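Quick notes on the structure that follows.
The values are calculated or read from the model by the stated rules, or taken from the named source; none is laboratory data. Since this is a predicted model, take the numbers as computed values, not measurements. When we count neighbours, we look across all protein chains shown, and the Cβ atoms used for this are built from the backbone with ideal geometry, even at glycine.
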Amino acid sequence: MNSIQKELVKSTVPILKTNGNALISYFYQRMLTNSPELKNIFNMANQASGKQHNALTGAVLAYAENIDDPSVLINTLKSIGNKHVSLNITPEQYDIVGTHLINSIIEVLGADANSDLIEAWTCAYNELASIMIGIEAAMYEKNSQKKGGWKGWRSFKIAKIVSESAEINSFYLKPADEKEIADFFPGQYISVSTYIPELGHKQPRQYSLSSNSNNEFYRISVKKETGQANPDGIVSNALHNKKVGDELEVSAPAGLFYADPESKNPLVLLSGGVGLTPMMSMVETNKNALQQNPTIWIHSCRNENVHAFKDTIEELNNEKTWLKSYVFYETLPDTQTNAFEGRIDLQQIKEDILIKDAKYYICGPAIFIKVQYQSLVGLGVDRENILYEEFGPQLLSLN
């Protein structure tokens with residue numbers, strides 16, 4: 001892109017700030033109408049809720065604002081790249097997206113979309129697509145070269161289903177070809193795709209791996225969401241109706257939210273609801289590690305009945321000196337409990353969580369992450385030591 005084109009792109013920043021969401025909504029409707037095969041890839045619940053629209057609007061705006069030096073967005077682009085690789089996004093699909101995005105700009109802006117502006121945004125998109133394709137090609141290559149690794153979708157069978165709470169089931173997945181599977185870092189996720197008859201197409205979802213890495217199986221622990229008759233919860237309900245022996249399509253492990261098993265830093269884990277799944281992987285990994293990093297785990301959920309892995313964590317807490325856990329229930333049980341009532345209040349346990357060189361991991365709904373992140377910062381924790389994983393499209397930018 002030349003300097004004039006970059007200025008033209010930057011000139012659209014005010015429009016994107018005020019009308020970007022309308023443009024992106026139009027774009028998604030146009031693309032999914034003309035290329036319905038993409039419904040097999042896009043999370044239709046996030047489409048219905050508008051979360052995906054908000055995420056893409058924010059990404060387009062950030063790119064326009066940083067068009068002079070897109071490298072400042074590299075961490076964000078790598079995070080997006082991980083999601084794309086987990087969904088087996090191809091270079092050809094970037095062409096489809098680009099065609100519909102540029103045509104949406106023309107159709108929405110009308111007379112304001114002069115040829116110079118359209119050419120500038122075409123160049124901008126092509127440059128961004130080239131960056132993303134390069135990032136993802138390296139990730140695909142790394143996955144393919146990894147022992148037990150693969151590219152794209154691979155058939156896995158449900159080997160075992162375990163009820164972890166009133167609403168969370170764990171699914172043990174083994175490869176249908178009975179060959180090796182790739183290892184992963186504790187905290188990473190896989191994508192799972194299955195056909196949804198009510199929608200008439202497949203739907204993918206990302207689920208954190210909830211066990212330590214091993215050569216035999218992947219374990220995901222899925223909350224059965226409400227809303228069985230609409231996209232919100234339709235995949236989790238479909239999974240909860242699966243039986244042992246059923247097959248799912250699975251992508252290789254991905255994600256930037258993980259605890260390095262080689263690191264000796266103490267861990268402080270904060271989870272809300274089903275956000276405990278990547279933390280479970282971190283704790284199981286730490287249990288089998290030589291150094292067994294000192295770990296504090298603070299978990300919050302509605303009540304004891306929905307607290308997955310409760311007994312497992314209690315046993316570890318009682319047996320292992322490296323783990324100390326705290327639980328907050330909105331409603332306490334009638335029986336005796338060590339849980340706190342209400343939602344997580346870090347002030348109550350600040351002496352235990354303010355640890356030198358600790359890494360802090362937060363996972364849960366967006367509002368949970370915001371509150372806990374701000375609490376940690378308020379207690380003096382360096383932002384660089386706080387990592388978080390948001391459910392669904394990445395809308396938060398706290399660091």
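Out of LEU87, LEU23, one residue alone is over 20 Å from the mean Cα position of the chain (by Cα), crowded, with 18+ Cβ neighbours inside 10 Å and either more than 22 Å from HIS201 (Cβ to Cβ) or modelled with pLDDT of 90 or more (or both). It is LEU23.
Is it the case, given these coordinates, that ILE161 is within 16 Å of ALA252 (Cα to Cα) and aliphatic (A, V, I, L, M)? Judged against the criteria, ILE161 is not a match.
Could you check the range 1-51 and list, in sequence order, the residues that are among the polar types (S, T, N, Q) and assigned to a loop (DSSP other than H, G, I, E, B)? First the steps, then the outcome.
Restricting attention to the range 1-51, the residues satisfying the condition of being among the polar types (S, T, N, Q) are 2-3, 5, 11-12, 18-19, 21, 25, 29, 33-35, 40, 43, 46-47, 49.
Of everything in the range 1-51, those that are among the polar types (S, T, N, Q) and assigned to a loop (DSSP other than H, G, I, E, B) turn out to be ASN2, THR12, SER35, ASN43.
Taking helices (runs of 4 or more DSSP H) as the structural unit, those lying wholly within the range 294-399 and holding at least 2 residues that are under 25 Å from the mean Cα position of the chain (by Cα) correspond to 310-319, 366-378.
Of the residues in the range 355-364, how many are surrounded by 15 or more Cβ atoms within 10 Å (Cβ to Cβ) and more than 10 Å from LEU267 (Cα to Cα)? Lay out the reasoning, then the answer.
As a first pass, look at the range 355-364 and keep what is surrounded by 15 or more Cβ atoms within 10 Å (Cβ to Cβ): 355, 358-364.
Cutting the leftovers down to more than 10 Å from LEU267 (Cα to Cα) gives us 362-364.
Of the residues in that region, 3 qualify.
The numbered conditions (1) in contact with a Gly (Cβ under 8 Å, 6 or more places away or on another chain); (2) closer than 19 Å to SER221 by Cβ are all true for VAL283 except (1). If you go through the range 249-287 and keep only what is over 27 Å from LYS174 (Cβ atoms) and of a type in the set (Ser, Thr, Tyr), you end up with just SER263.
Condition check ((1) out of contact with any Leu (no Cβ under 9 Å at 6 or more places or on another chain); (2) surrounded by fewer than 21 Cβ atoms within 10 Å (Cβ to Cβ); (3) outside the structural domain of ASN385 (by TED's automatic domain parsing)) across all residues:
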{"position": "GLU164", "(1), (2), (3)": "yes, no, yes"}
{"position": "ASP177", "(1), (2), (3)": "yes, yes, yes"}
{"position": "TYR189", "(1), (2), (3)": "no, no, yes"}
{"position": "ASN212", "(1), (2), (3)": "yes, yes, yes"}
{"position": "ARG219", "(1), (2), (3)": "no, no, yes"}
{"position": "SER236", "(1), (2), (3)": "yes, no, yes"}
{"position": "TYR258", "(1), (2), (3)": "no, no, yes"}
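Considering only the range 226-257, state which residues are modelled with pLDDT under 95, of a type in the set (Ser, Thr, Tyr) and part of a loop (DSSP other than H, G, I, E, B). Once the filter is applied, which keeps residues that are modelled with pLDDT under 95, of a type in the set (Ser, Thr, Tyr) and part of a loop (DSSP other than H, G, I, E, B), the range 226-257 yields only THR226. Among all positions in the range 127-134, there is no residue which is at pLDDT below 95, at positive phi and assigned to a helix (DSSP H, G or I). From the list SER165, SER155, SER130, the one residue that fits, being in contact with a helix residue (DSSP H, G or I) (Cβ under 6 Å, 6 or more places away or on another chain) and hydroxyl-bearing (Ser, Thr, Tyr), is SER165.
Yes or no: PRO70 touching a residue at least 40 places away in the same chain (Cβ under 8 Å) and loosely packed, with under 14 Cβ neighbours inside 10 Å? So PRO70 fails the test.
Tell me, which residue of the range 46-67 that is at pLDDT below 85 and aliphatic (A, V, I, L, M) is surrounded by the most Cβ atoms within 10 Å (Cβ to Cβ)? It would help to see each step written out before you state the result.
Just the residues of the range 46-67 that are at pLDDT below 85, to begin with: 46-55.
Among the residues that remain, those that are also aliphatic (A, V, I, L, M) are: 48, 55.
On the way: ALA48: 13, ALA55: 18.
This residue is ALA55.
Residue by residue, here is whether (1) surrounded by fewer than 21 Cβ atoms within 10 Å (Cβ to Cβ); (2) within 24 Å of SER163 (Cβ to Cβ); (3) in contact with a Leu (Cβ under 9 Å, 6 or more places away or on another chain) holds:
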site	(1), (2), (3)
ASN288	yes, no, no
GLN292	yes, no, yes
THR295	no, no, yes
ASN303	yes, yes, yes
HIS307	no, yes, yes
LYS310	yes, yes, no
LEU316	yes, yes, yes
GLU319	yes, yes, no
PHE328	yes, yes, no
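Among the residues of the range 309-331, write down those that are of a type in the set (A, V, I, L, M) and either touching a helix residue (DSSP H, G or I) at 6+ places or on another chain (Cβ under 6 Å) or within 22 Å of LYS350 (Cβ to Cβ) (or both). First the steps, then the outcome.
Initial filter on the range 309-331 (of a type in the set (A, V, I, L, M)): 313, 316, 323, 327.
Result: ILE313, LEU323, VAL327.
Considering (1) in contact (Cβ under 8 Å) with a residue 60 or more places away in the chain; (2) surrounded by fewer than 20 Cβ atoms within 10 Å (Cβ to Cβ); (3) not charged (D, E, K, R), the lone condition that THR33 does not fulfil carries the number (1).
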